[in-house]
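Q: I have a structure here, written as structure tokens, and I will follow up with some questions on it.
Nothing in this text is a laboratory measurement; each read-out follows from the coordinates by a stated rule. Quick caveat, the model's predicted, so the values are computed rather than measured. Quick reminder, even Gly has a Cβ in these numbers, built from the backbone with ideal geometry, and neighbours come from all protein chains shown.
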Amino acid sequence: MSSDHRYTNGEVTIVWKKELCIHSKRCWRGLPAVFKPGERPWIQPDGADSEAIRTQVAQCPSGALSMASDDAGNMGPA
């Protein structure tokens, strides 16, 4: 059973699928103002602009991170 976790900044929503995460560290190395593995919640989308978030999420090698637009519904994998 999938347990998606969603984090929004009001423009975009980051969707994290924990069961797909391979902990490559690309997210927090690439955008540490948003992805903070030592904190709760570990994804803080107010830490960067939406375009920077989209760019970083697109680099997730496992597909554990994807994007949904808050105003246009699910955009699918980033």
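Q: When the Karplus curve 6.51 cos²θ - 1.76 cosθ + 1.60 is applied with θ = phi - 60°, which whole-Hz ³J(HN,Hα) does each residue of region 10-27 get, with x for Gly and Pro?
A: x, 10, 10, 10, 8, 10, 10, 9, 3, 5, 9, 5, 9, 6, 6, 6, 4, 4
Q: Amide H to amide H, which residues 5 or more places from residue 13 or on other chains are under 5 Å from it, using H placed in the peptide plane?
A: Hits under the 5 Å cutoff: 68, 69, 70.
Q: Among 16, 42, 28, which comes first, then next, by fewest other beta-carbon atoms within 10 Å?
A: Arranged by neighbour count, lowest to highest, 16, 42, 28 become 42, 28, 16.
Q: When the dipole is taken about the Cα centre of region 4-74, and only Lys, Arg (+1) and Asp, Glu (-1) are charged at their Cβ, what size is it in debye, to the nearest 20?
A: For this selection, approximately 460 debye.
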